[in-house]
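Here the structure is laid out as structure tokens; the discussion comes afterwards.
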Amino acid sequence: MDNKSYIDDDQPINQDSRMYTSYQVIIVVISVLILLMNGLCLVALNRTHNTPAVARFLSSALLVFDFITNLLYTVRKTVSDGRINLTVQFLAIGWSFLAYVNIAVMSVERLIVFQWPNFYLRRVTCARCRLIAFTIWVVYIIAWTLESGSCTLLFETETKIRVCFRHVVLRYVVVTFPLSALISCCCLAKILIIIRTQANKLKEGGRIVRNHKSTIVVMFCCINYVITMVMYVVIMLFTLRDNLKRRILLELLMIVNGLVDTSVYVLWYKECRLELLKLLAKLFPGLNRNVEKLRIKVFNIAVGNDSQT
């Protein structure tokens, strides 16, 4: 999530300068740990073989957006110059917004899988999905960069830059958040109805979750972002006149949001957990025994469940 420090025009543009050094150090350390976990999970996810290619690509993109957002916010804490600090914040907010856009894209992709399975098998390829997704992301981030970046080019004073940035962010928030949430929730609601109908016909019962892991992951991520969006609105409403408190609460919310996104793949995909454990075993050889145990479980799942729609 984004940490907006542009509401109160009578406060310094660099809110990090108002924070205690001990707090900044703690947040930076936590952020670095989240970045390491996020990066390892990204590598582990792309080493899996049973995850559908499109789902793996879109899920990887979500982890990348979280990684870049956290990285930029961490870097921002080391920048003392107000204008440069705000420029880094411009970039960070844009990448955080892309995560919401990506959730909507993931939800639409999952709906096509269930609503029009034959069309998906015949026409939808990973290459086409990549092209469509990249087009949406590039258009969005270019539009954001041009509009937010123009604030620093058109105005010289920090107050005018902040006011300009406020209008740009509010415009994107009003469009991106509700539209992304609406598309995602509608798609996932329809998917749940389809899955329930199929389960009743085939009498699958408890096999629903096991047979639709990629879809359940998207649902978890969507729920996470809806909750994050609600928490964001609550924080903004109750900290209107306290810019520093808002910054701190939004930073904590950003950290939790990134941690949940990353944990979903490790906790849900056993194969992803296996690949992560194999990476850690290179540093800690004692984990090799656990790797072999988990490998057996993963192979058993793979033999009994070839499809993960």
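Only one of these is surrounded by fewer than 18 Cβ atoms within 10 Å (Cβ to Cβ) and part of a helix (DSSP H, G or I): Ile34, Ile84. Name it.
On the way: Ile34 fails: surrounded by fewer than 18 Cβ atoms within 10 Å (Cβ to Cβ).
Ile84 is the lone residue from the list that is surrounded by fewer than 18 Cβ atoms within 10 Å (Cβ to Cβ) and part of a helix (DSSP H, G or I).
Return a yes/no flag: does the range 267-276 have any residue that is in a loop (DSSP other than H, G, I, E, B) and either at pLDDT below 70 or of a type in the set (A, V, I, L, M) (or both).
Keep residues of the range 267-276 that are in a loop (DSSP other than H, G, I, E, B), which gives 269.
Retained after the next criterion (residues that are either at pLDDT below 70 or of a type in the set (A, V, I, L, M) (or both)): none.
No, the range 267-276 contains no residue that is in a loop (DSSP other than H, G, I, E, B) and either at pLDDT below 70 or of a type in the set (A, V, I, L, M) (or both).
Might you let me know whether the range 2-18 holds any residue that is modelled with pLDDT of 85 or more, over 17 Å from Trp268 (Cα atoms) and under 22 Å from the mean Cα position of the chain (by Cα)? Please lay out each step first, then the result.
Kept after step one, since they are modelled with pLDDT of 85 or more, are these residues of the range 2-18: none.
No.
Scan the range 153-193 for residues that are under 18 Å from the mean Cα position of the chain (by Cα) and of a type in the set (S, T, N, Q) and jot them down.
Once the filter is applied, which keeps residues that are under 18 Å from the mean Cα position of the chain (by Cα) and of a type in the set (S, T, N, Q), the range 153-193 yields Thr176, Ser180, Ser184.
Kindly list, by first and then second residue, each pair from a residue in the range 134-161 that is in a helix (DSSP H, G or I) to a residue that is modelled with pLDDT under 95 and of a type in the set (D, E, K, R), limited to pairs with Cβ atoms under 7 Å and residues at least 6 apart or on different chains.
Short answer, once both residue conditions are applied: Thr152/Arg83; Thr159/Asp9.
Among the numbered criteria (1) open to solvent by 10 Å² or more (accessible area, probe 1.4 Å); (2) in contact (Cβ under 8 Å) with a residue 60 or more places away in the chain; (3) under 24 Å from Leu146 (Cα atoms), which one does Thr74 miss?
(2)
Is there any pair with a first residue in the range 263-284 that is in contact (Cβ under 8 Å) with a residue 12 or more places away in the chain and a second that is open to solvent by less than 10 Å² (accessible area, probe 1.4 Å) and aromatic (Phe, Trp, Tyr) whose Cβ atoms are under 6 Å apart and which are 6 or more apart or on different chains, and what are they?
Sorted first by the residue in the range 263-284, then by its partner, the pairs are Cys272/Tyr265.
Could you check the range 74-91 and list, in sequence order, the residues that are of a type in the set (Ser, Thr, Tyr) and at pLDDT below 85?
The initial filter retains those residues of the range 74-91 that are of a type in the set (Ser, Thr, Tyr), namely 74, 78, 80, 87.
Residues satisfying the conditions are Thr78, Ser80, Thr87.
Could you check Thr197 against (1) at pLDDT 80 or above; (2) under 16 Å from Phe114 (Cα atoms); (3) surrounded by 14 or more Cβ atoms within 10 Å (Cβ to Cβ); (4) polar (S, T, N, Q) and say which number it fails?
Evaluating Thr197 over (1) at pLDDT 80 or above; (2) under 16 Å from Phe114 (Cα atoms); (3) surrounded by 14 or more Cβ atoms within 10 Å (Cβ to Cβ); (4) polar (S, T, N, Q) leaves (3) as the failure.
Within the range 108-145, can you find the residues that are open to solvent by 60 Å² or more (accessible area, probe 1.4 Å) and in contact with a Lys or Arg (Cβ under 8 Å, 6 or more places away or on another chain)?
Answer for the range 108-145, where residues must be open to solvent by 60 Å² or more (accessible area, probe 1.4 Å) and in contact with a Lys or Arg (Cβ under 8 Å, 6 or more places away or on another chain): just Gln115.
Tally time: how many residues in the range 146-166 are modelled with pLDDT under 85 and open to solvent by 60 Å² or more (accessible area, probe 1.4 Å)?
So the count comes out to 8.
Does Tyr225 satisfy being modelled with pLDDT of 80 or more, among the aromatic types (Phe, Trp, Tyr), in a helix (DSSP H, G or I) and open to solvent by less than 60 Å² (accessible area, probe 1.4 Å)?
On the way: modelled with pLDDT of 80 or more: yes; among the aromatic types (Phe, Trp, Tyr): yes; in a helix (DSSP H, G or I): yes; open to solvent by less than 60 Å² (accessible area, probe 1.4 Å): yes.
Criteria met by Tyr225.
Consider Val79 against the criteria (1) more than 30 Å from Val291 (Cα to Cα); (2) part of a helix (DSSP H, G or I): it satisfies all of them except one. Which criterion is unmet?
For Val79, the failing item is (2).
Criterion first (closer than 15 Å to Phe57 by Cβ and polar (S, T, N, Q)) does Thr152 satisfy it? Spell out the reasoning first.
Values: closer than 15 Å to Phe57 by Cβ: no; polar (S, T, N, Q): yes.
Considered against the rule, which asks whether it is closer than 15 Å to Phe57 by Cβ and polar (S, T, N, Q), Thr152 comes out as no.
The values are calculated or read from the model by the stated rules, or taken from the named source; none is laboratory data. Keep in mind that this is a model prediction, so the values were computed, not measured. Methodologically, a virtual Cβ is constructed for each residue, glycine included, from the backbone with ideal geometry; neighbour enumeration extends over all protein chains shown. To get the accessible areas, we keep the full protein, side chains included, count just its heavy atoms, and leave off ligands, DNA and RNA. Shrake-Rupley method; radii C 1.70, N 1.55, O 1.52, S 1.80 Å.
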